[in-house]
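First up is the structure itself, then whatever we jot down about it.
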Amino acid sequence: MAHWHERKKERTRNALREAAFRLFAEHGYEETTVARIAAEAGVSHMTFFRYFPSKEDVVLHDDYDPMLEELVRAQPSGKPPLRRVRDAVMSAMPTVYEQEREVLLIRSRLLLTTPPLRSRMAESLSGSQTAFERGLSDPAEAEAPPLASRVVASACVAALTTAITAWVEEGGTGYLPGLMEQAFDALETPGARDG
């Protein structure tokens, strides 16, 4: 029974997110109201708030962080930390990009260009940084990851954010996984120039 309830909650959350992104794309972020998102998803206004504290949170909430942590943790511990994060991200990114390119582009554009969202972007990024830190750390140190793990996680988040920003600036015409590979190359080979 609980399992069915969880699936129903997941479906409702996804319906709200899909409705929100569709409306943001058609009418703009500012013009789209919570009531309209709820109606589009076929739920009540109050149901929306059971899933997201605000309209901003629909965009800020990132479902990928738990997956990123698991993917990094699954990498062989003998690999250098930067390579573990890179291989983890790049093992999932082409599929995510193929399936969710449109939503990724809308979400990234909103985060970069909408002042109320931009001001909270650090919150969204800190979730990814924590996921990388926890994935790189021994589970016993997950609450206080070593400095090296924190530095690598921070650098990887910065590199990925820069790749996504460049992708949005090009209007989403480039291949995002390729831009991410270039960003990781820049981290792994400091002093390398853009070809």
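Return the sequence-ordered ³J(HN,Hα) values of region 159-174 in whole Hz as given by the Karplus equation 6.51 cos²θ - 1.76 cosθ + 1.60 applied to θ = phi - 60°, using x for Gly and Pro.
Listing the rounded values in order: 5, 5, 4, 5, 5, 5, 4, 4, 4, 5, 4, 7, x, x, 7, x Hz.
Please report, in whole Å, how far the alpha carbons of the chain spread along each principal axis, starting with the longest.
Principal axes ranked by extent give 50, 44, 29 Å for the Cα atoms.
Quote the charge dipole size of the chain about the Cα centre in Debye, to the nearest 20; the model charges only the Cβ of Lys and Arg (+1) and of Asp and Glu (-1).
360
Classify region 86-188 from the C-alpha gyration tensor, please: rounded if a/c falls under 1.5, else prolate or oblate depending on whether a/b exceeds b/c.
It comes out prolate by the Cα gyration axes.
Determine, from the Cβ-Cβ distance of His3 and Glu170 and an R0 of 35 Å, the FRET efficiency 1/(1 + (r/R0)^6), rounded to the nearest 0.05.
0.25
Computed FRET efficiency, Cβ-Cβ of Thr47 and Glu26, R0 25 Å: what is it to the nearest 0.05?
0.70
Could you tell me how many degrees, from 0 to 90 and to the nearest 10, lie between the Cα long axis of helix 121-136 and the main elongation axis, the longest principal axis, of the Cα atoms of the chain?
50
Using the number of other C-beta atoms within 10 angstrom as an exposure proxy, rank Tyr175, Tyr64 with the fewest first.
Going from least to most buried by this count: Tyr175, Tyr64.
Regarding region 12-60, what's the average projected area of the Cα-atom convex hull, expressed in nm²?
If you wrap the Cα atoms of region 12-60 in a convex hull and average its projections, you get 2.7 nm².
Given points 7 Å out from each Cα along the Cα-Cβ axis, report the Ala144 to Ala35 separation in nanometres with one decimal.
Taking the simple label geometry, Ala144 and Ala35 are separated by 5.1 nm.
Using the basic label-point model (7 angstrom from Cα toward the beta carbon), what is the Ala158 to Thr95 distance in nanometres?
3.1
Throughout, read-outs are computed from the coordinates displayed, never taken from laboratory work. Note that the coordinates shown come from a computational prediction; the quantities given were computed from them, not determined experimentally. Cβ atoms come from the backbone with ideal geometry, glycine included; neighbour counts cover every protein chain shown.
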